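**Q** The following block contains the structure, expressed as structure tokens.
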């Protein structure tokens, strides 16, 4: 896929060199980690697309009670999963991740309690991957202490407790967003779609617009950080619109997007086109954190 106008390739080795220089020279430059569901895959938590895939199969089996789960192969489900059969306008199986909110509503029939219990079960007893242990050290031991995530899980919090014995400031509800204005000496986690232990936002109407309480605090924070998007596919319109609408001088030093080689998420591609100073690192979460690990270990 071609790069967006103004986007440059950012080799991983150059990013690591810049990371060391920022620390050594005390430049004041700080990175913020924007985590999507791809960051949690190594901990055996499905991506948003993975959840949609499972829900579509479960809807198929609900409509075909005489079919055993083992008999419902991918091709059969793909052919069945049309806009008409699902009752979801414009749905296509290839773009199913973009319909997360509507498929969620169809699967759980607007029963938020049932949906929340389902997601709790998916995330129960999941442990932080090696990548999260490295990220925990980064946010605990360096000035790069801000994490903004669309994820509901506790993997980063668990890694901070387990490996660093640190207690982060966790803002997991829009009513707590105001505390992001306070200067924090330690790790800060903003969970803009909620927390699995409390309330999460999954339905289409919840994802269409970011809760307004987040706008001011996130805008103020991001003026002082370079965002690094990791495992983020951009399928939540509310946060995408927030990124689009912030003043263009917010990201003075640009943005950094990480992705698998030859795989640019379509929505993230659209967002990158809004900024003339974006850079792309061809490295998923696990590889990026593995590469950072040696430098992070040297901080001890």
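Since every read-out is calculated from the coordinates, none of them should be taken as a lab result. Predicted, not measured: the structure shown is a model, and the values here were computed from it. Don't worry about glycine lacking a Cβ; one is built from the backbone with ideal geometry, like all the others, and counts go over all protein chains shown.
**Q** Grab every C-alpha pair in the stretch 48-123, bin the distances at 5 angstrom width from 0 up to the longest one, and report whole percents.
**A** That works out to 3, 15, 29, 26, 18, 9, 0, in percent per bin.
**Q** Quick check on the chain: of the DSSP beta bridges with both residues there, what percent are antiparallel, nearest 5%?
**A** Here the antiparallel bridges make up roughly 5 percent for the chain.
**Q** If the convex hull of the alpha-carbon atoms of the chain is projected onto planes in all directions, what is the mean projected area in square nanometres?
**A** The Cα convex hull of the chain, projected and averaged over all directions, gives 15.8 nm².
**Q** Nearest 10 degrees is fine. How inclined is helix 285-297 to the longest principal axis of the chain, computing both from alpha carbons?
**A** 30
**Q** Run the quick spin-label model on residue 79 and residue 244: label points 7 Å from Cα toward the beta carbon, then report their separation in nm to one decimal.
**A** In this crude spin-label approximation the distance works out to 3.7 nm.
**Q** Can I ask one more? Go ahead and estimate [θ] at 222 nm for the chain from helices alone: -39,500 (n - 2.57) per DSSP H run with n ≥ 4, summed, over the residue count, rounded to 500.
**A** That calculation yields -11500 deg cm²/dmol at 222 nm.
**Q** Starting with the highest mean, order 166-179, 44-57 by the number of other Cβ atoms within 10 Å, averaged over the residues of each peptide.
**A** So the order, starting with the most tightly packed, is 44-57, 166-179.
**Q** Here is a follow-up. Can you tell me the relative contact order of the chain? Whole percent, Cα pairs under 8 Å, sequence separation 6 or more.
**A** Dividing the mean separation by the residue count of the chain yields 27 percent.
**Q** Measuring from a point 7 Å past the Cα of residue 61 along Cα-to-C-beta, which residues in the stretch 114-148 have an amide N at less than 16 Å?
**A** From the stretch 114-148, the list is 118-119, 121-122.
**Q** Need the C-alpha centroid separation for the stretch 146-208 versus the stretch 13-91, integer Å.
**A** 19
**Q** While we're looking at this one, here's another question. Angle check, please: helix 12-25 long axis (alpha carbons) against the longest principal axis of the chain (alpha carbons), in degrees 0 to 90, nearest 10.
**A** Computed tilt is about 40 degrees.
**Q** Once you have the Cα-Cα distance between residue 25 and residue 185, take 0.36 nm times their residue separation minus that, and quote the gain in nm to one decimal.
**A** 55.6 nm
**Q** Can you figure out the FRET efficiency of residue 197 with residue 72, using R₀ = 30 Å and their beta-carbon distance, to the nearest 0.05?
**A** 0.40
**Q** Rounded to the nearest 10 degrees, what's the angle between the helix 130-141 long axis and the longest principal axis of the chain, both from Cα atoms, 0 to 90?
**A** 40
**Q** Once the cut-off is 11 Å, how many percent of the Cα-Cα pairs in the stretch 31-70 end up in the long-distance tail?
**A** More than 11 Å apart: 69 percent of the Cα pairs in the stretch 31-70.
**Q** Hey, for a label at residue 124 modelled as a point 7 Å past Cα toward Cβ, could you say which residues of the stretch 184-209 have their backbone N under 18 Å away?
**A** What the label zone holds, given the 18 Å backbone N cut-off, is 196-200.
**Q** So what is the relative contact order of the stretch 48-123, in percent, for Cα pairs below 8 Å that sit 6 or more residues apart?
**A** 34
**Q** Estimate the FRET efficiency between residue 294 and residue 142 by the formula 1/(1 + (r/R0)^6), using the beta-carbon distance for r and 25 Å for R0, to the nearest 0.05.
**A** According to the calculation, E is roughly 0.95.
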